[in-house]
1. Beta carbons within 10 angstrom, averaged per residue: use that to sort the peptides 146-154, 234-242, highest first.
2. From the C-alpha gyration tensor of the range 101-163, pull out the three semi-axes of the equivalent ellipsoid (sqrt of 5λ each), sorted largest to smallest, in whole Å.
3. Going by a ≥ b ≥ c, the root eigenvalues of the Cα gyration tensor, does the range 163-259 fall in the rounded group (a/c under 1.5), the prolate group (a/b larger than b/c) or the oblate group?
4. As a footprinting exposure proxy, order 266, 178, 132 by other Cβ within 10 Å, with the fewest listed first.
5. With only alpha-carbon atoms counted, please give the Rg and Dmax of the range 54-93, in Å.
6. To the nearest Å, what is the center-to-center distance of the range 45-95 and the range 117-166, using C-alpha atoms only?
7. For a footprinting-style exposure proxy, rank 275, 123 by other Cβ within 10 Å, fewest first.
8. Please order 180, 276 by the number of other Cβ within 10 Å, starting at the fewest.
């Protein structure tokens, strides 16, 4: 029996199988690599700046509605309709949600600062004063509305409210959880709010998510961090999630074990082939 011909045929067969397997593997890898790009569409639509007043929002809605009637199509039309309806909701229902908080400073002689929370009835409890409703109130109107309410009971009082944004800080931080933060804080400060970065944190690869929509993609976060952009500038809203990425360090112990297993399999295959050909010589 010609062992050289037999070995050559077997070698060609293995090579063919290997090439086919490699082609399938590369196809799958290409699909997986291309997938994040397809899924990472921003699709973020806004309803105007967070501190926009009622006049500006009405003007912005009129501009968007005019664009809708000019014949725009596809994604641009869907986005315009979404923005228009979002602005209408703000104008009718206001900017506040149940669970929102703000720091309330009332100065009449000595300044007094309290934290107020929006209850399920959209009422806010003000210490020593009747409750105040934020239903239909825009963020830009809060100081004036509060001042008007409090002036009925306190004379010569100065009122100032600082709205807090409720966010979830998750991922590679020491104390992940939900926090109330001031919207004028830089996005980089949130890491320290959650106890500081974990040992494997990659601060420059954070992302902001609102439901299923990516508000700030990780590939754009480095520029936002370097420029010191605030939560308000990035349109971070109550309920958003800020996810701190972790570095993908190589696990050398696992790699070494895999290499040892691979070497063991290789030598076992060689021993099998040697046994097989020795058996053919008998």
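Derivation of every value follows stated rules applied to the coordinates shown; laboratory data play no part. What you are looking at is a predicted structure, and each value in this text was computed from that prediction instead of being measured. We place every Cβ from the backbone using ideal geometry, glycine too, and count neighbours over all the protein chains shown.
1. Details: 146-154: 14.9, 234-242: 20.0.
Output ranking for 146-154, 234-242: 234-242, 146-154.
2. On the way: eigenvalues 63, 28, 26 Å².
The three semi-axes for the range 101-163 are 18, 12, 11 Å.
3. Prolate shape, in that a/c is at least 1.5 and a/b is the bigger ratio.
4. Numbers: 266 10, 178 13, 132 19.
Arranged by neighbour count, lowest to highest, 266, 178, 132 become 266, 178, 132.
5. 10.1, 29
6. 27
7. On the way: 275 10, 123 15.
So the residues, fewest neighbours to most, are 275, 123.
8. Numbers: 180 18, 276 11.
By the 10 Å Cβ count, ascending: 276, 180.
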